[in-house]
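**Student:** This structure is in C-alpha cells; I'll ask about it shortly.
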Amino acid sequence: MHSSTSNSEQRHPQRLTAADRPGEAQPVPERPVPDRPFGRMLLAALAIAAALFGAWEWHWRSLGAGPSYRDDEALWAIQRRRIDHGEGNATVLAGASRTFFDVQLPVWEQVAGRRPIQLALDGTSPIAIVEDLADDPHFTGRLLVGIAPDIFFTGFEFEEGRPQYTRKESPSQRVGKWLSMHTIEPTFAFYDDDFALFTVLRRQPWPDRPGRPQRLHVRKLQVIDADRNSYMWDRIEADAAYRDLVRRTWAQNFDPKPTDAKQLAEAARTRDEQIERMARAVGKLRARGVFVVFVREMSAGAYLDYENRAFPRAQTWDVLLAKTGAPGIFYADYPQLSNFDLPEWSHMSKSSAQAYTAELVRLLERNYPQAGPW
C-alpha cells in the first residue's frame, strides 16, 4: 500500500531548485501547465467584458448622453498650434466656460465667413492664455476675451498649464490623442470624466466626515466637438432635477461678500493684480497690431445676483477697460445680447447660444470694422 506521502508526491512532483543542485549548472525551472480549455476561457472572459462595457454604455445613453470629445490638454494644444502653423491672423476666443459654451463656431463661420479658434477653458481665467498669445509673434489677428467676473477677477484657474503642455507635448502623447479621437471618443458615450467608475463612486451620498461636509462637484454640462466647439448638454434643459443639481453646485460659492478687512484687502489686491497683468498683455498685443475686445457674457438668477454683489461693475469691468484701453461689450448694454435662456443661470442653451453668437458677430462687425474680417 502506498503511503499518503507518496500519493501526494505523485500528484504534485517535487520542484527542484538551485539549492538542490549545488555546483551544477542551473537549468530553467519547469512548471507543468495544466490541461485547461484556455481558448474557451478567453472567449468567456471577452464576452463578460463586452457585456459589462455594453451595460455601462447603455446606462449612460439611457440618460441622454452621447459621444463627446474629451477636452484635455492635447485637444486644446491642437487648436493652439494652429496659430503657429499658418493661422496667426485668425480670430481667437479666450475666456472661461461662458465663452466656451455660448460662442458657437459653426454659426460664427456662417455669419462672418471664418471659423475662430476656440481657446477658452472651463473654470479658468483667460489671463495665462492672453499672456501666452502676447508673447507669440505668430499671432497677429483678433482676440475676443470673455470675462466671467468670479473667475477673472479672482484669478481662478481650474485648467492651468495648457500653454506649457502645448510646448512640451511629446510625440507619443500626440499619437495617443490622435488614436483616441479616431476610435474611442467619437464612439462611446461612457468615455467621459463624469462617467468614470471611481468618479461615480466618489459622488455617492457617503456620510460626512466631522468638520468636512461633502461639496457638490461640477457634473457633465456640455458636448464637445473635435475643434472644441462646445454646447450645453440637453439634459440640463430637459431634466429639472439635474438642472437643479447644477444650480445647487454653483450656489455653494455664493457666499456673502466678506466683511473682514483682511479678506477684503486680499480680494482687492488679487483683483487689481489680474487687471494689471491683463493690461500688460494687451499692451503687447496692441503694439503688434492685434485687436482686443472684452465681452462680459450674460448670467442670470442667483448667479447674477452674486456677481453684482461681489464684483460690482464700477470696481471691476469699468476699471479693466480703463486700464487696458481696449473696447468692451457688456451684455446688459445691448438688448440683442440680453434675452436668452440660461437654464442653470450661467450658460446658454444650445439654441440660445446659436442665436447669441449670430448677434454678437454682427455687433462686432458693425462696431469694430477696423479690426478686419472677424
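Readers should treat all values here as calculations from the given coordinates under stated rules, not as data from a laboratory. Since the model is a prediction, treat every value here as computed from it, not as a measurement. Here Cβ is always computed from backbone atoms with ideal geometry, including for glycine, and neighbour counts include all displayed protein chains.
**Student:** Short version: ³J(HN,Hα) in whole Hz for each residue of region 136-145, in order, from phi by Karplus 6.51 cos²θ - 1.76 cosθ + 1.60 (θ = phi - 60°), x for Gly and Pro, what are they?
**Tutor:** The phi angles translate into 10, x, 5, 8, 9, x, 10, 10, 9, 10 Hz.
**Student:** Here's something else I'd like to know. Return the Rg/Rh value of region 251-339, two decimal places, where both radii are evaluated on C-alpha atoms and Rh is the Kirkwood radius.
**Tutor:** Working: Rg = 15.0 Å, Rh = 14.7 Å.
On the Cα set of region 251-339, Rg over Rh gives 1.02.
**Student:** Among bridges DSSP assigns within the chain, what percent are antiparallel (round to 5)? Write down the numbers at each step before the final one.
**Tutor:** Details: 5 of 19 bridges.
Looking only at bridges with both residues in the chain, the antiparallel portion is about 25 percent.
**Student:** For ARG296, what residues show an amide H to amide H distance below 5 Å, using hydrogens built from the backbone and excluding near sequence neighbours?
**Tutor:** Residues meeting the criterion, in which the H sits 1.01 Å from N, are ILE147, ILE329, PHE330, TYR331.
**Student:** What size of dipole, in debye to the nearest 20, comes out for region 194-296 about its Cα centre when the only charges are +1 on Lys and Arg C-beta atoms and -1 on Asp and Glu C-beta atoms? Could the numbers behind the result be given before it?
**Tutor:** Values: 22 positive and 14 negative charges, 67 e Å.
The dipole of region 194-296 has a size of about 320 debye.
**Student:** Moving on. Do any chymotrypsin sites (Phe, Trp or Tyr not before Pro) in region 124-185 lie in a DSSP loop with no more than 14 other beta carbon atoms within 10 Å, and if so, which?
**Tutor:** Taking region 124-185 and a limit of 14 other Cβ atoms within 10 Å, the loop chymotrypsin sites (Phe, Trp or Tyr not before Pro) found are PHE158.
**Student:** In what order do GLU273, GLU307, GLU30 fall by count of nearby beta-carbon atoms within 10 Å, going from fewest to most?
**Tutor:** Working: GLU273 13, GLU307 20, GLU30 9.
Going from sparsest to densest Cβ surroundings: GLU30, GLU273, GLU307.
**Student:** Can you give me the long-range amide H partners of GLN222? Hydrogens built in the peptide plane at 1.01 Å from N, cutoff under 5 Å, separation of 5 or more residues or another chain.
**Tutor:** Result for GLN222 returns TRP233.
**Student:** Is any residue of region 62-81 close enough, with backbone N under 14 Å, to a label point placed 7 angstrom from the Cα of LYS168 along the Cα-Cβ axis, and if so, which?
**Tutor:** Once the point is set 7 Å along Cα→Cβ of LYS168, 73-74 turn out to lie under 14 Å by backbone N, inside region 62-81.
**Student:** Right, here's the next one. Taking the Cβ-Cβ separation of THR154 and TYR334 as r and a Förster radius of 25 Å, what is the calculated FRET efficiency to the nearest 0.05?
**Tutor:** That gives a FRET efficiency of 0.45.
**Student:** If each residue of separation counts as 0.36 nm, what is the full-extension length gain between ARG366 and ARG114 once their alpha-carbon separation is subtracted?
**Tutor:** On the way: separation 252, 0.36 × 252 = 90.72 nm, distance 1.62 nm.
Using 0.36 nm per residue and subtracting the Cα-Cα distance, I get 89.1 nm.
**Student:** Then there is this: Say a paramagnetic label sat at a point 7 Å from the Cα of THR259, along Cα to Cβ; which residues of region 292-325 have their backbone N under 16 Å from it?
**Tutor:** Only 310 pass the distance filter.
**Student:** Where Lys and Arg each count +1 and Asp and Glu each count -1, what net charge lies around SER170 among other residues with Cβ under 12 Å from its Cβ?
**Tutor:** +2
**Student:** Would you pull out the residues with amide H under 5 Å of VAL92's amide H, same chain only if 5 or more places away, H placed 1.01 Å from N?
**Tutor:** ILE117, ARG142, LEU143, LEU144
**Student:** For region 88-199, what class follows from the C-alpha gyration tensor (a ≥ b ≥ c being the square roots of its eigenvalues): rounded when a/c is under 1.5, otherwise prolate if a/b is larger than b/c, else oblate? Display every interim value, and only then the final one.
**Tutor:** On the way: a/c = 1.41, a/b = 1.32, b/c = 1.07.
Judged from the Cα gyration tensor, region 88-199 comes out rounded (a/c under 1.5).
**Student:** Right, another one. Label region 78-143 by shape, choosing from rounded, prolate and oblate, from the square roots a ≥ b ≥ c of the eigenvalues of the Cα gyration tensor; if a/c is under 1.5 it is rounded, and otherwise prolate applies when a/b is larger than b/c, oblate when it is not. Don't skip to the end; give the middle numbers.
**Tutor:** Numbers: a/c = 2.12, a/b = 1.06, b/c = 2.00.
Because a/c hits 1.5 or more and a/b fails to exceed b/c, region 78-143 counts as oblate.
**Student:** Still on this model: Angle, helix 38-62 long axis vs. longest principal axis of the chain, Cα atoms, 0 to 90°, nearest 10?
**Tutor:** Taking the Cα atoms of the chain, the angle to 38-62 is about 20 degrees.
**Student:** Under a Cβ-only charge scheme (Lys and Arg +1, Asp and Glu -1), can you give me the dipole magnitude of the chain about the Cα centre, in debye to the nearest 20?
**Tutor:** Values: 48 positive and 49 negative charges, 49 e Å.
Roughly 240 debye, rounded to the nearest 20.
**Student:** Setting aside same-chain residues fewer than 8 positions from LYS323, which lysines have a Cα under 20 Å from its Cα?
**Tutor:** In chain and number order, the partners are LYS284.
**Student:** On a 0 to 90 degree scale, rounded to 10, what angle separates helix 240-251 from the longest Cα axis of the chain?
**Tutor:** Compared with the principal axis, the helix lies near 70 degrees.
**Student:** Mind checking which of LEU119, SER68, THR99 is farthest towards the positive end of region 40-135's charge dipole, using Cβ charges of +1 (Lys, Arg) and -1 (Asp, Glu) about the Cα centre?
**Tutor:** Highest projection toward the positive end goes to SER68.
**Student:** Give the calculated FRET efficiency between GLN252 and ARG31 to the nearest 0.05, with a Förster radius of 51 Å applied to their Cβ-Cβ distance. It would help to have the intermediate numbers written out before the result.
**Tutor:** Details: r = 58 Å, r/R0 = 1.14.
So the FRET efficiency works out to roughly 0.30.
**Student:** Consider a paramagnetic label point 7 Å from the Cα of ASP239 along Cα→Cβ; state which residues of region 186-209 have an amide N under 18 Å from it.
**Tutor:** 188-205
**Student:** Kindly write out, for region 227-239 in residue order, the coupling ³J(HN,Hα) from the Karplus curve 6.51 cos²θ - 1.76 cosθ + 1.60 (θ = phi - 60°), rounded to whole Hz, with x marking Gly and Pro.
**Tutor:** Listing the rounded values in order: 9, 6, 5, 10, 8, 5, 5, 5, 4, 5, 6, 8, 10 Hz.
**Student:** Could you work out the helix-only [θ] at 222 nm for the chain, with each DSSP H run of four or more residues adding -39,500 (n - 2.57) and the total divided by the number of residues, to the nearest 500 deg cm²/dmol? Show your work: numbers first, answer last.
**Tutor:** On the way: 16 runs with 175 residues, N = 374.
After summing the helix terms and dividing by residue count, I get -14000 deg cm²/dmol.
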